[in-house]
Amino acid sequence: MTTEIASRHADSYYLATAVDLVDRPTLRGEVACDICVVGGGYTGLAAALHLTERGYDTVLLEAERLGWGASGRNGGQLCTGLRMSQREIEQLVGSDDARRLWDMAEEAKAIVKERVRRHDIRCALKPGLVNAAWKPAHLPAMAKGADHLREVYGYPHIRVLGRDELAAAVGTEVYHGGTLDSGAGHLHPLNYALGLARAAEAAGARLFENSRVTALNREGRPGATTAAGAVRARHLVIACNGYLGRLEPRLDGQMMPINNFVLATEPLGEARARALIRDDVAVSNTKFVLDYYRLSSDGRLLFGGGENYRPGFPADLKAFVRRYMLRIYPQLADARIDYAWGGTLAITLNRLPCFGRLDPEIYYAHGFSGQGVALTSLAGKLIAEAVAGTAERFDVFARLPHRHFPGGPLLRWPATVLGLMYYGLRDRL
């Protein structure tokens, strides 16, 4: 690992324990290819991998370093389903498409697990995810949802935990019960991204870093322009998520970028770590601004909590996230905080991802709303299928109804922030 690479990634626990972190070239001059992928996070890397495996000459352009954004900074939780419950999805799109979405979401987890095995990605993939009820009123709906998954979708891996059983499993008395999903899991997110990059290169994809796209070509042959080069392609894939900015105005308003934050404690030792999370599962809760946390391979607590809605991060990130951690684990008041970092993700109004085409040759997938570890890998596969001429599965996601964030370019941000702050306040009441 070179000093240059380290300086370009967030100073995080993930960077300190990264593998396969190597230098890659900057695009210089003009190149031609079948597919140009813009964005070097999970979606772009998965698309490049699946497309190259299908025989397409694929070029990927990343503005910073591969995995530099949320793909290398997130909580590492491999979740089941979509961010909306299956019962709500059935009401939104009908039972047939709800079943298709469920089956593909299950496939998404399987893709991650299969890629980790096939490519020997050293990302500490482990099973188990607890979802904890922040308020007593949340638990009955969670139990109904678990019953629905078992009875309607044949999903046997989720069960309800009572308050005492949950407290014993996660070392805190603040929750009112929850669910344990043994079909979900958690991993080292940066190492997973870097493993996908290694696999894509081995398949023949050309990956460029420090190659920020300044303009997309929409007339004639699609492609992208950078400060030092250009790509001409048959198809274009936009995979920028929360870092899209104003690159493609036609996507403006579909999603909103927000910042979320994570810390890593000092190594706690085996006994103290397992007193927090007995079975080494990941944990999240039902707060609107949710907390999410898990143990690292060396016995640290990795805790995500808090967010903001403006450019830039809080000045003292360690203190900012520590407040959220101590509300769950006051017994960690004496624990040293070794790392704290933030990242930008993209949310949609209904928390469902946006897939679609802008033109017949331009595809996009974004707005994973904090549940992208699995769904992005699926997105890459579905984009490859659609480019190859089989778009039925991609179109199931493209049919999901979405509303743009209200207010137009000037009012969208303050209007949305006021709404998010309102729901955040409800968490604290």
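Miscellaneous remarks
- Taking the fewest neighbouring Cβ atoms within 10 Å as the starting point, the ordered list for V22, V112 is V22, V112.
- Under Karplus coefficients 6.51, -1.76 and 1.60, residue-wise ³J(HN,Hα) of region 105-111 in Hz, glycine/proline x: 5, 5, 4, 4, 4, 5, 4
- Contact order relative to length of the chain, as percent, for alpha carbon pairs under 8 angstrom and 6 or more apart: 23
- Value of [θ]222 nm, deg cm²/dmol, for the chain, DSSP H segments ≥ 4, -39500 (n - 2.57) each, nearest 500: -11500 deg cm²/dmol
- Using C-alpha pairs under 8 Å with a sequence gap of at least 6, the mean separation divided by the residue count of region 61-220 gives a relative contact order of 40 percent.
- Contact order relative to length of region 258-398, as percent, for alpha carbon pairs under 8 angstrom and 6 or more apart: 23
- Residue exposure proxy: Y292, Y309, Y324, ordered by other Cβ atoms within 10 angstrom of their Cβ from fewest to most, comes out as Y309, Y324, Y292.
- Candidates L400, L92, L295: whichever shows maximal mean-square fluctuation once the chain is modelled as a Gaussian network with Cα springs under 10 Å: L92
- Within a straight-line Cα-Cα reach of under 20 Å, K287 can be paired with the following lysines, leaving aside sequence neighbours fewer than 8 residues apart in one chain: K135, K144.
- Interchain or long-range residues, amide H under 5 Å from G356's placed H: Y364
- When each of D164, D103 is scored by the number of other beta-carbon atoms lying within 10 Å, the sequence from fewest to most is D164, D103.
- Options (i) 164; (ii) 137; (iii) 189 - which one matches volume of the Cα convex hull per residue in Å³ as calculated here: (ii)
- A straight line joining the Cα centroids of region 92-122 and region 19-36 runs 28 Å.
- Cross-link reach is defined here as a Cα-Cα straight distance under 17 Å, omitting same-chain residues fewer than 8 places apart; for K381 the aspartates and glutamates meeting it are D34, E53, D57, D103, E106, E107, E114, E201, E361, E392, D395.
Every read-out reported here was derived from the displayed coordinates using simple, explicitly stated rules and does not represent laboratory data. Bear in mind the structure is a predicted one, so any value in this text is a computation, not a measurement. Neighbour counts are summed over all protein chains in view; Cβ atoms, including those assigned to glycine, are modelled from backbone coordinates with ideal geometry.
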